[in-house]
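*Asks:* Shown below is the structure under consideration.
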Amino acid sequence: PGEPQAPFSLSSPRWPVECEVIQETIEHIEWVPPKPEPFCPPMGLEQPLYTLGEEQGTVVYHSSPVLQGSCFIRARVGGAPGPLSSPAAPLEGPQDTTLLFESRFESGNLQKAIKVGPYEYVLMLRPDLYTAKHTQWFYFRVQNTRQEPLYRFTIANMAKPKSLYGQGLQPLLYSQRDAQSHGIGWRRVGTDIRYYPGSVGEPPMFRLSWTVRFPHDDDTCFFAAGYPYTYSDLQRYLRALAADPVRSRYCTVQALCRSLAGNTVYLLTITSPGGTAGKRVVVASARVHPGESGGSWAMRGFLDFLLSTHADAQLLRRLFVFKVVPMLNPDGVVVGNSRCSLAGRDPNRAYGMALPSSFPSVWHLRAMVQRMLAEREVVLYCDFHGHSRKNNVFMYGCDAGGNDTGTRLRQRVFPLMLSKNAPDKFSFSSCKFQVQKSKEGTGRVSMWHLGVSHSYTLEVAFSGSTLGGRSSHFSVEDLKSLGRLLCDTLLDFCDPAPAKLQQCLVEADALLQRQMGREPGSGGSWSDVPPSELESSTSGSDSSVSDG
């Protein structure tokens, strides 16, 4: 269990046989806007927008896999065999301004588009496969655009009652013509953005609506909830890594296991050549939730820095063995799910289950960490996530109470150090350390129970930062910088000179004293104070309705 099972190999993504997949390869250029993209002033809780009902419009796109049962059965490269259907309504001639929609590509998600006005569309997202819920991630293509009119798009079946779209978050747009002619990639767009209750019923649905003008006539454009990072993007990165004679000396790529669909779950082992005697272990993982693509970009930055020639990166490789699983849920990423794997459940609630056949990646990751702990100290576990309701970057740690004061304060030191290294991105005040019963099956809590004393979830907002004078979206470069800052913080945290650690322990103690209404420096033990009293009761992780 947890032993790497095969040498490194790359193969085309495997899809459930019910899923149609277009032949075209979808790739996007990387681009950083010349200046930060500010949040869009939110429209507030006004009257819900009036749009024509779907029943009064015309369905112009409908692509929904006809599932062969209530659970996953079989997968193949390229998805459904045979000729593709035509989910988009054909144009009636050159004067027809109807947009042509498409989402049958890697990570794509759009189930239906209904034209309710000359330039207005109501959209429906596809629930996570083999479930009826978790509609949040979207990523689709539109063609036959016109530059002049103002278009309105309304996604009518968003699952979450609250969203950063109500606080200034904008959708992303990618123009193929701008990418080819001007080197411009994904950018934030949208005006008159509203997030409001939609249909009543069980579960209730919410609507996300925005207006936009396209940059060109007859362009091919894409909309997405976050910067896409697909399974094929990861494979391209690993291919370049394997072909690099320098980096491949201190990084081996293996298969941790295979997913339900047969996609490889990759494991990277990074350390300086010449043996691992006396080295402690750091474990990092990302993308257990496929709709949280920002976690993959932060992981990219983490790997980029760790594999670089920077003196700090060389020191980290000399000090530690890094075990990294950059994409825990490749099946969910391939099919464009928001939260689940092809088991139809959230894998980040399955660490406590002995179900290797249903949740292979989390089972093998846990088994690998268990094996590592028998041999050496695992100094840190960090699982990279995204968050749809809170701005900035923050962490969840593990403080179940009952420990001595020093142990409880040390739980808070790593996030506090990270907030000092990333003052314009990381919010220590948003961090939480309670171990709730509902989170027992998560990677963070499971690794902590195994004996990893510092086990964290890194949460990266879908939006951006409100810190350090910023009020702007995260760019891809911002997200990648988090990986480097995490490496910086690891060196601070493990510095043999105790000054930084001591300073942060004192500061963490003072912060908790203030929170409890005590005078800083007044002493007193924390060992008898329950964790719930040490932090506000605002919502924790980004899980939606219970996974049953």
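The values are calculated or read from the model by the stated rules, or taken from the named source; none is laboratory data. These numbers come from a predicted model, not from an experiment. As a convention, Cβ positions derive from the backbone with ideal geometry for all residues, glycine included, and neighbour counts pool all protein chains shown. Heavy atoms of the whole protein, side chains included, go into the accessibility calculation; ligands, DNA and RNA do not. Shrake-Rupley method; radii C 1.70, N 1.55, O 1.52, S 1.80 Å.
*Asks:* Which ones in segment 194-239 are surrounded by fewer than 18 Cβ atoms within 10 Å (Cβ to Cβ) and either of a type in the set (Lys, Arg) or on the phi > 0 side of the Ramachandran plot (or both)?
*Replies:* Gly201, Arg213, Asp218, Arg236, Arg239
*Asks:* Quick one: in segment 456-506, which of the residues that are in a loop (DSSP other than H, G, I, E, B) and more than 27 Å from Leu172 (Cβ to Cβ) is most open to solvent (accessible area, probe 1.4 Å)?
*Replies:* Of all residues in segment 456-506, those in a loop (DSSP other than H, G, I, E, B) come to 462-463, 466-471, 474-475, 494-498.
Those left that are additionally more than 27 Å from Leu172 (Cβ to Cβ): 494-498.
Numbers: Cys494: 27, Asp495: 60, Pro496: 126, Ala497: 54, Pro498: 82 Å².
Looking at the filtered set, the residue picked out is Pro496.
*Asks:* Of all the residues that make up segment 106-138, how many are closer than 14 Å to Tyr61 by Cβ and either open to solvent by less than 10 Å² (accessible area, probe 1.4 Å) or not assigned by the TED database to the domain that holds Ile26 (or both)? I'd like the intermediate steps shown before the answer.
*Replies:* Start the filter on segment 106-138 by keeping residues that are closer than 14 Å to Tyr61 by Cβ, which leaves 108-116, 121-126, 138.
Among the residues that remain, those that are also either open to solvent by less than 10 Å² (accessible area, probe 1.4 Å) or not assigned by the TED database to the domain that holds Ile26 (or both) are: 108-110, 113-114, 121-123, 125, 138.
Within segment 106-138, residues that are closer than 14 Å to Tyr61 by Cβ and either open to solvent by less than 10 Å² (accessible area, probe 1.4 Å) or not assigned by the TED database to the domain that holds Ile26 (or both) number 10.
*Asks:* Here's a follow-up. Being open to solvent by 30 Å² or more (accessible area, probe 1.4 Å) and assigned to a helix (DSSP H, G or I) is the filter here, so list the residues in segment 403-428 that pass it.
*Replies:* Filtering segment 403-428 down to residues open to solvent by 30 Å² or more (accessible area, probe 1.4 Å) leaves 403-405, 407, 410, 420-421, 423-424, 428.
Selection gives Thr405, Thr407, Arg410, Lys420, Asn421, Phe428.
*Asks:* What is the residue count in segment 133-169 for residues that are part of a loop (DSSP other than H, G, I, E, B) and more than 21 Å from Asn391 (Cα to Cα)? Talk me through it step by step, then tell me what you get.
*Replies:* Quick first cut of segment 133-169, residues part of a loop (DSSP other than H, G, I, E, B) only: 133-138, 144-150, 159-163, 168-169.
Retained after the next criterion (residues that are more than 21 Å from Asn391 (Cα to Cα)): 133, 144-150.
Adding up the residues that qualify gives 8.
*Asks:* List pairs: first in segment 155-175 and on the phi > 0 side of the Ramachandran plot and free of Cβ contacts under 8 Å to residues at least 24 places away in the same chain, second open to solvent by 20 Å² or more (accessible area, probe 1.4 Å) and hydrophobic (A, V, I, L, M, F, W, C), Cβ under 9 Å, 6+ apart or cross-chain?
*Replies:* none
*Asks:* Let me ask something else. So which residues in segment 443-462 are polar (S, T, N, Q) and touching a Phe, Trp or Tyr at 6+ places or on another chain (Cβ under 7 Å), if there are any at all? Break it down stepwise before answering.
*Replies:* The first filter runs over segment 443-462 and keeps only residues polar (S, T, N, Q), leaving 446, 453, 455, 457.
Ser446, Ser455, Thr457 - these are the residues of segment 443-462 that are polar (S, T, N, Q) and touching a Phe, Trp or Tyr at 6+ places or on another chain (Cβ under 7 Å).
*Asks:* Just give me the residues in segment 373-388 being surrounded by 20 or more Cβ atoms within 10 Å (Cβ to Cβ) and of a type outside the set (Ser, Thr, Tyr), in sequence order. Walk me through it before giving the result.
*Replies:* First, pick out the residues of segment 373-388 that are surrounded by 20 or more Cβ atoms within 10 Å (Cβ to Cβ): 378, 380-388.
Within segment 373-388, Val378, Leu380, Cys382, Asp383, Phe384, His385, Gly386, His387 qualify.
*Asks:* Give just the number: which of (1) more than 30 Å from Gly185 (Cβ to Cβ); (2) surrounded by fewer than 17 Cβ atoms within 10 Å (Cβ to Cβ); (3) free of Cβ contacts under 8 Å to residues at least 60 places away in the same chain does Ala400 not satisfy?
*Replies:* Going through (1) more than 30 Å from Gly185 (Cβ to Cβ); (2) surrounded by fewer than 17 Cβ atoms within 10 Å (Cβ to Cβ); (3) free of Cβ contacts under 8 Å to residues at least 60 places away in the same chain one by one, Ala400 breaks only (3).
*Asks:* Any chance segment 270-284 includes a residue that's under 24 Å from Gly386 (Cα atoms), of a type in the set (Ser, Thr, Tyr) and touching a strand residue (DSSP E or B) at 6+ places or on another chain (Cβ under 6 Å)? Don't jump to the end; show me each part of the working.
*Replies:* Let us first name the residues in segment 270-284 that are under 24 Å from Gly386 (Cα atoms), namely 282-284.
Keeping just the survivors that are of a type in the set (Ser, Thr, Tyr) gives none.
So far as segment 270-284 goes, no, none of its residues is under 24 Å from Gly386 (Cα atoms), of a type in the set (Ser, Thr, Tyr) and touching a strand residue (DSSP E or B) at 6+ places or on another chain (Cβ under 6 Å).
*Asks:* Further question on the same structure: Filter segment 197-214 for residues that are part of a strand (DSSP E or B) and either of a type outside the set (A, V, I, L, M, F, W, C) or not assigned by the TED database to the domain that holds Ser175 (or both) and give the result.
*Replies:* Filtering segment 197-214 for residues part of a strand (DSSP E or B) gives 197, 206-212.
Once the filter is applied, which keeps residues that are part of a strand (DSSP E or B) and either of a type outside the set (A, V, I, L, M, F, W, C) or not assigned by the TED database to the domain that holds Ser175 (or both), segment 197-214 yields Pro197, Arg207, Ser209, Thr211.
*Asks:* Taking the criterion of being open to solvent by 30 Å² or more (accessible area, probe 1.4 Å), in a loop (DSSP other than H, G, I, E, B) and among the aromatic types (Phe, Trp, Tyr), would at least one residue in segment 71-84 satisfy it?
*Replies:* Among the residues of segment 71-84, at least one is open to solvent by 30 Å² or more (accessible area, probe 1.4 Å), in a loop (DSSP other than H, G, I, E, B) and among the aromatic types (Phe, Trp, Tyr), which makes the answer yes.
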